[in-house]
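The values are calculated or read from the model by the stated rules, or taken from the named source; none is laboratory data. Computed from a predicted model, the values in this text were never measured in an experiment. Note that each Cβ is placed from the backbone with ideal geometry, even for glycine, and that neighbours are counted across all protein chains shown. When the accessible area is computed, the model is the full protein with side chains, heavy atoms only, and any ligands, DNA or RNA have been set aside. Shrake-Rupley method; radii C 1.70, N 1.55, O 1.52, S 1.80 Å.
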Amino acid sequence: MTESSKVYFGIEGFYSKNTMPGISNTDNLWQALALLTPLTIPKVYSTGHIPSFNSTAGYAGGFNNFSPFVALNHTGIYTKEQGNLQGTIAIEQDFSPLIKGLKMRAQGAYTATSYFDELRRTIPEMYYATGRNVDGSLRMLRTFQAVQTMYSSGQDQYRKFFLESNITYENVFDENHRLSGLLYYYISDHKQVSSIPTYAQTLPSSLAALPIRYQGLSGRITYGYRDTYLLDLNFGYTGSENFQPGRQYGFFPSMAIGWIPTQYDFVKNGVPWLNFFKVRFSHGSVGNDRITGNRRFAYLTTFDYTGAGWGGTTGINENLVGADNLEWEKAIKSDLGIESQLFKQRLSFTVDFFNDKRDGIFQQRTQVPGYIGAVNMPYGNVGSMVSYGSDGNITYLQPVTDNLSFTVRGNFTYSRNEVKNWEQVVQKYDYQYNNGWPNGTVRGFKSLGLFRDEADVAASATQFGTVLPGDIKYKDINADGKIDDYDKIPLSLQNNFPSLMYGFGGEISYKDWTFGFLFKGTGKMEYYHVGIHDSRLGGNNGIGYIPFHDQEMGNVLSIVADQSNRWTPASYSGNPATENPNAMFPRLTYGYNENNSKLSDFWKRDGRYLRLQEVSASYKMKLQKLKKIGISSIEFQLVGSNLYTWDKVGIYHPEQAWRNGIIYPIPAQYSFQLYIHL
């Protein structure tokens, strides 16, 4: 347009098609494997009948009854198609000829994604062998009647409009004063409407057809004196369609200051090995408008038509109670950081300490009196929580010769949080409140080992169901003579979520060769083999870990074969030592054991691990012949990922241990990569 103008236009897109079995995906197949033992059913019965799980088993019904072989070969086809198109145009204008350092930029973007799924599902006639007849032939029970091919389809349409523009200014005065500014505006409009293929075709919600819209204005002014004293002032004025008019916009200011003492001459001369040192501090606020469960327009009260009532009449029923006083959830964030470079910049590190206080957290009310007449509790800005922690990284580079050098680096992140206010109905005991504990605290029963004998059972508080020696014994926290929900106490600060994560690695470079490695690890991380709810199993996650938890279904781990790992009555083993009150597994039972399947610290395990995350080797080839065709170098790289893990779990990957094998494990991966540098 002019010599000081830049125009950018870009467009990209892709199309993909994925074909799967009619009722399954990778995780479903792995779940089916976890529900089976080698003895449960064959691939095909000797009679030619296609097998299924026993229909009387605890988790039978639905697709959990399908063996992996049947799911892969006899259930039809599920096809998923996806297309994506993205386009953007940007204009940048430099006004420096008029005002030095002044620039303006505007950009618009459009994204469209479409999904089309087709399901052609069929169910074969399946049987379960319940035994043999007197002549030795199998006695077959039909568990599934054949269903001819059923067809359904679904579509998903997503589109987004995005427009942003900014004005920037940057200039240096008298070589000492550095001033810059930014004014930024954006508007966003996106929506997604979907209809997922099922047996019965469903229509999309009319609410989903309403675009989600944002609009915001933000600004920043920065000032630096001799690049030693730094000041940064920011503000954001953001609007969301999720609040009622008059409350849609939130104002979020922030500020930051910095100090770089290595800019002083006396530091440069007196401490020459300290090349750079900076201390910075920031403090400000941010906002959140997304309510738990992605509920939109929570300030509106909604109504539904009721069905026919007395005399065939219809009526209107209050469905959701609106809260017209909702406003932005705000967090006050503070951060203290240190950055440094030493020894001719061979050693560098950054460390930050942060503290976030979040107030006005959206929470469904629990203390609204019943006489108000609300059919369900409205939301309110009633919650508060504080988070704190630290993260940092360090790097050291050491040249050995002109052709040889090595680099080592490490990083860590530590974070914790504490609930300051969580609205609850009045609790009977103080330890039942969420206040004062981290968000996501795991609560369950305190175990006292296993019952030793009948006298131990009789002298203890009432447990769950029929309790025998060898069952788990729980502590009566409130001393009322029975174990119930009042005896649940905090057991872990998080489930399968570490407070500390760290990594370290390095590279060795010799001429055109580079060898690298990377380790990843966690600090304290606890998980539970039993008692955590798993929606895919319709109950807790005990199946696949507790032997015979679901009768003939479910893995029986090899560790159970070791007598020292399980409680066994002396009357059976002939050895009193097998009645071990500290055994890994309680007494074996066939089927679900109500008492032993509770969430308790009996099933708590240590999930810490250290993993060799990546090993790589690369070679950069530089030839004069390549330069003649416009190629400066070609790099060949061999990379291995997830190669080995050190942990205390053993039987499962530590990041998936609580799933007890019903999810596809994290595999080792090897790749060969080729980079062409022009």
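For the subset of the range 441-464 comprising residues that are open to solvent by 40 Å² or more (accessible area, probe 1.4 Å) and under 22 Å from LYS604 (Cβ atoms), which member is nearest to the chain's Cα centre (by Cα)? Don't jump to the end; show me each part of the working.
Taking the range 441-464 first, the residues open to solvent by 40 Å² or more (accessible area, probe 1.4 Å) are 443, 446, 448, 452-455, 458-459, 462.
Add one more test, that the residue is under 22 Å from LYS604 (Cβ atoms), and what stays is 443, 446, 448, 452.
Values: ARG443: 20, LYS446: 28, LEU448: 33, ARG452: 41 Å.
Checking each candidate, the answer is ARG443.
Give me a count of the residues in the range 561-592 that are out of contact with any strand residue (DSSP E or B) (no Cβ under 9 Å at 6 or more places or on another chain) and assigned to a loop (DSSP other than H, G, I, E, B). Walk me through how you get there before you give the answer.
From the range 561-592, those out of contact with any strand residue (DSSP E or B) (no Cβ under 9 Å at 6 or more places or on another chain) are 561-564, 568-577, 589-590; that's our starting set.
Retained after the next criterion (residues that are assigned to a loop (DSSP other than H, G, I, E, B)): 562, 568-569, 574-575, 589-590.
Residues in the range 561-592 being out of contact with any strand residue (DSSP E or B) (no Cβ under 9 Å at 6 or more places or on another chain) and assigned to a loop (DSSP other than H, G, I, E, B): 7 in total.
For the range 536-556, indicate whether the set of residues that are free of Cβ contacts under 8 Å to residues at least 12 places away in the same chain, more than 23 Å from LYS446 (Cα to Cα) and part of a helix (DSSP H, G or I) is non-empty. Talk me through it step by step, then tell me what you get.
Start the filter on the range 536-556 by keeping residues that are free of Cβ contacts under 8 Å to residues at least 12 places away in the same chain, which leaves none.
No; the residues of the range 536-556 include none that is free of Cβ contacts under 8 Å to residues at least 12 places away in the same chain, more than 23 Å from LYS446 (Cα to Cα) and part of a helix (DSSP H, G or I).
Six or more apart or on different chains, Cβ under 8 Å: which pairs go from a residue in the range 248-272 that's among the polar types (S, T, N, Q) to one that's open to solvent by 50 Å² or more (accessible area, probe 1.4 Å) and in a loop (DSSP other than H, G, I, E, B)? Could you list them?
The qualifying pairs are GLN263/ARG226; GLN263/ASP227.
Which pairs do you get when a residue that is within 19 Å of LYS357 (Cβ to Cβ) and of a type in the set (D, E, K, R), found in the range 407-428, comes within reach of a residue that is part of a strand (DSSP E or B) and open to solvent by 60 Å² or more (accessible area, probe 1.4 Å), reach meaning Cβ atoms under 7 angstrom, with the pair 6+ apart or on two chains?
That search, which allows pairs on different chains as well, returns ARG416/TYR388.
Going through SER597, SER564 one at a time, which residue ends up being among the hydroxyl-bearing types (Ser, Thr, Tyr) and surrounded by fewer than 13 Cβ atoms within 10 Å (Cβ to Cβ)? Before the answer, list the steps.
Details: SER597 fails: surrounded by fewer than 13 Cβ atoms within 10 Å (Cβ to Cβ).
On inspection, the qualifying residue turns out to be SER564.
Can you report the number of residues in the range 564-580 which are modelled with pLDDT under 90 and basic (Lys, Arg)?
0
I'd like to check something: does the range 328-340 contain any residue that is among the β-branched types (Val, Ile, Thr) and within 30 Å of GLU418 (Cβ to Cβ)? Break it down into steps so the answer makes sense when it comes.
Kept after step one, since they are among the β-branched types (Val, Ile, Thr), are these residues of the range 328-340: 332, 338.
Remaining after also requiring within 30 Å of GLU418 (Cβ to Cβ): 332, 338.
Yes, the conditions are met somewhere in the range 328-340.
Considering each residue of the range 113-149, count those that are surrounded by 14 or more Cβ atoms within 10 Å (Cβ to Cβ) and under 23 Å from ASN25 (Cβ atoms), and give that number.
Within the range 113-149, residues that are surrounded by 14 or more Cβ atoms within 10 Å (Cβ to Cβ) and under 23 Å from ASN25 (Cβ atoms) number 15.
Name the pairs whose Cβ atoms lie under 7 Å apart, with the first residue in the range 572-585 and in contact (Cβ under 8 Å) with a residue 24 or more places away in the chain, the second part of a helix (DSSP H, G or I), and 6 or more positions between them or separate chains?
Correct list of pairs: GLU579/ALA570; ALA583/ASN565; MET584/ASN565; PHE585/VAL560; PHE585/ASN565.
Any chance you could count how many residues in the range 496-516 are open to solvent by 40 Å² or more (accessible area, probe 1.4 Å) and closer than 29 Å to ARG416 by Cα?
The total comes to 5.
Restricting to the range 520-530, count the residues that are touching a strand residue (DSSP E or B) at 6+ places or on another chain (Cβ under 6 Å) and open to solvent by 40 Å² or more (accessible area, probe 1.4 Å).
The total comes to 1.
Look through ASP174, ASP156 and report the one residue that is open to solvent by less than 70 Å² (accessible area, probe 1.4 Å) and either of a type in the set (D, E, K, R) or under 30 Å from LEU102 (Cα atoms) (or both).
None of the others qualify; the one that does is ASP156.
If a residue has to be in contact with a strand residue (DSSP E or B) (Cβ under 8 Å, 6 or more places away or on another chain), part of a loop (DSSP other than H, G, I, E, B) and on the phi > 0 side of the Ramachandran plot to count, how many in the range 443-482 make the cut?
Count: 2.
Identify all residues within the range 87-104 that are part of a strand (DSSP E or B), open to solvent by less than 70 Å² (accessible area, probe 1.4 Å) and either within 30 Å of GLN155 (Cβ to Cβ) or of a type in the set (Phe, Trp, Tyr) (or both); write none if there are none. Give the derivation first.
First pass over the range 87-104, keeping only residues part of a strand (DSSP E or B): 87-94, 102-104.
Retained after the next criterion (residues that are open to solvent by less than 70 Å² (accessible area, probe 1.4 Å)): 87-88, 90, 92-94, 102.
GLY87, THR88, listed by residue number.
Could you please find all residues in the range 159-171 being over 30 Å from TYR229 (Cβ atoms) and open to solvent by less than 70 Å² (accessible area, probe 1.4 Å)?
Initially, the range 159-171 is screened for residues over 30 Å from TYR229 (Cβ atoms), giving 159-165.
Hits for the range 159-171 are ARG159, LYS160, PHE162, GLU164, SER165.
Return only the number of the condition from (1) open to solvent by less than 60 Å² (accessible area, probe 1.4 Å); (2) touching a Gly at 6+ places or on another chain (Cβ under 9 Å); (3) more than 24 Å from LYS473 (Cβ to Cβ) that GLN551 does not satisfy.
For GLN551, the failing item is (1).
If we keep just the residues of the range 352-387 that are among the basic types (Lys, Arg) and either outside any strand (DSSP E or B) or within 14 Å of TRP328 (Cβ to Cβ) (or both), which is modelled with the lowest pLDDT?
So the first thing to find is which residues in the range 352-387 are among the basic types (Lys, Arg), and the list is 357-358, 365.
Keeping just the survivors that are either outside any strand (DSSP E or B) or within 14 Å of TRP328 (Cβ to Cβ) (or both) gives 358, 365.
Details: ARG358: 92, ARG365: 80.
Step by step, filter the range 352-387, then rank; the result is ARG365.
Let's see how each residue does on (1) among the β-branched types (Val, Ile, Thr); (2) open to solvent by 40 Å² or more (accessible area, probe 1.4 Å):
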residue	(1), (2)
THR589	yes, no
TYR619	no, yes
PHE636	no, yes
GLY640	no, no
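Condition check: of a type in the set (Phe, Trp, Tyr), open to solvent by 40 Å² or more (accessible area, probe 1.4 Å), over 27 Å from LYS6 (Cβ atoms) and modelled with pLDDT of 90 or more. Does TYR110 satisfy that? Can you show your working first?
Working: of a type in the set (Phe, Trp, Tyr): yes; open to solvent by 40 Å² or more (accessible area, probe 1.4 Å): yes; over 27 Å from LYS6 (Cβ atoms): no; modelled with pLDDT of 90 or more: yes.
Answer is no for this residue.
Return the pair list, or none, for Cβ contacts closer than 9 Å from residues in the range 587-616 that are at positive phi to residues that are outside any strand (DSSP E or B), at least 6 apart or on different chains.
Between residues of the range 587-616 that are at positive phi and residues that are outside any strand (DSSP E or B), the close pairs are GLY591/GLY58; GLY591/PHE548; GLY591/HIS549; GLY591/GLN551.
Scan the range 651-667 and give yes if some residue there is part of a strand (DSSP E or B) and not small (Gly, Ala, Ser), otherwise no. Spell out the reasoning first.
Narrowing the range 651-667 to residues part of a strand (DSSP E or B): none.
Within the range 651-667, none of the residues are part of a strand (DSSP E or B) and not small (Gly, Ala, Ser).
Name the residues in the range 257-267 that are assigned to a strand (DSSP E or B) and touching a Phe, Trp or Tyr at 6+ places or on another chain (Cβ under 7 Å), would you?
Result: ILE257, TRP259.
Restricting to the range 169-211, give me the number of residues that are in contact with a Gly (Cβ under 6 Å, 6 or more places away or on another chain) and modelled with pLDDT under 90.
3
So is ILE666 of a type in the set (A, V, I, L, M), surrounded by fewer than 18 Cβ atoms within 10 Å (Cβ to Cβ), in contact with a His (Cβ under 9 Å, 6 or more places away or on another chain) and closer than 30 Å to LYS524 by Cα or not? Outline the logic, then answer.
Details: of a type in the set (A, V, I, L, M): yes; surrounded by fewer than 18 Cβ atoms within 10 Å (Cβ to Cβ): yes; in contact with a His (Cβ under 9 Å, 6 or more places away or on another chain): yes; closer than 30 Å to LYS524 by Cα: yes.
Here the answer is yes, as ILE666 does meet what is asked.
Every residue in the range 212-239 that is open to solvent by 30 Å² or more (accessible area, probe 1.4 Å), farther than 21 Å from GLU329 by Cα and not β-branched (Val, Ile, Thr), please.
Of everything in the range 212-239, those that are open to solvent by 30 Å² or more (accessible area, probe 1.4 Å), farther than 21 Å from GLU329 by Cα and not β-branched (Val, Ile, Thr) turn out to be ARG220, TYR223, TYR225, ARG226, ASP227, TYR229, LEU230, LEU231, ASP232, LEU233.
Of the residues ARG605, ARG611, which is open to solvent by 30 Å² or more (accessible area, probe 1.4 Å), modelled with pLDDT of 85 or more and either basic (Lys, Arg) or in contact with a Ser or Thr (Cβ under 8 Å, 6 or more places away or on another chain) (or both)? Spell out the reasoning first.
Details: ARG611 fails: open to solvent by 30 Å² or more (accessible area, probe 1.4 Å).
Criteria check complete, one pass: ARG605.
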